[in-house]
1. What is the distance, in nm, between label points placed 7 Å from the Cα along the Cα-to-Cβ direction at residue 138 and at residue 14?
2. Rounded, prolate or oblate: pick one for the stretch 22-79, where a ≥ b ≥ c are the square roots of the eigenvalues of its C-alpha gyration tensor, a/c under 1.5 means rounded, and failing that, prolate if a/b is larger than b/c, else oblate.
3. How many nm separate the modelled label positions at residue 6 and residue 80, each set 7 Å beyond the Cα in the direction of the Cβ?
4. Packing-wise, with mean Cβ within 10 Å as the measure, how do 107-114, 46-53 rank, highest first?
5. How do the peptides 77-87, 30-40 rank, highest first, by the average count of neighbouring beta carbon atoms within 10 Å per residue?
6. Taking amide H atoms as placed 1.01 Å from N in the peptide plane, list the residues 5 or more away in sequence, or in a different chain, whose amide H sits under 5 Å from that of residue 95.
7. Ranked from highest to lowest mean number of other Cβ atoms within 10 Å per residue, what is the order of the peptides 95-104, 142-151?
Amino acid sequence: MPELGQALAPSWVDRWDAQQQGYMPDREERFTALIDAVEEGAGRPDPLVLDLGCGPGSLAVRLLDRIPAATVVAIDSDPLLLALGRAAYGGRAGLRFADLDLRTQGWAAALGQDRLADAAVSTTALHWLEPPELRALYRDLHRLLRRGGAFLHGDILPRGAGSPRTRRIAHEGRKGPDRANGGPRAHRWGRRA
């Protein structure tokens, strides 16, 4: 197996992005909406943003492309995805990867922040947390975000979650042949290039 390096990692991140797009066809639009909200709501040109469940850093890098003076702490516990992100973007100014498990007590303190965050963002990650873990995460975010800071959660709602209106919107979003089972390319990202 070849060593994962800066030359190989971007193609694997691209494959990851294509696979994720299969599960969430409007993924790029969600990223754009989250980044718009950070840009408008941060109240400063150099916001500190926490990317929760960052994977290889796809959202973090797009955020830095739009807001170059930002600092993004990209948090995940998956060793493969963190290795991909570090290999592809490890030298990126403003980006720091943190190997922390959002399900464990003490992850927030382990960040070692020197200031409160202006925003926390997440997509396709927090639905993996059990309700008690999610409640604990929300409590941690309350302590990590500055007063007026934003938590922007662009995740997929599980079937049956939310109000009747939310369920109707989620049902409409699931229609279409490419959305069933993650779309036609969902499971190809891990095949050899």
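1. So the label points at residue 138 and residue 14 sit 4.1 nm apart.
2. Oblate is the answer for the stretch 22-79, as a/c is 1.5 or above yet b/c matches or exceeds a/b.
3. Here the answer is 2.5 nm between the modelled labels.
4. Highest mean packing first, the order is 46-53, 107-114.
5. Details: 77-87: 18.2, 30-40: 16.5.
Packing proxy ranking, top to bottom: 77-87, 30-40.
6. HN-HN under 5 Å from residue 95: 72.
7. Details: 95-104: 16.7, 142-151: 14.6.
Order by mean packing, descending: 95-104, 142-151.
The numbers here are math on the coordinates, done by the rules we state, and not lab data. Keep in mind that this is a model prediction, so the values were computed, not measured. Here the Cβ is made from the backbone with ideal geometry for all residues, glycine too, and neighbour counts use every protein chain on show.
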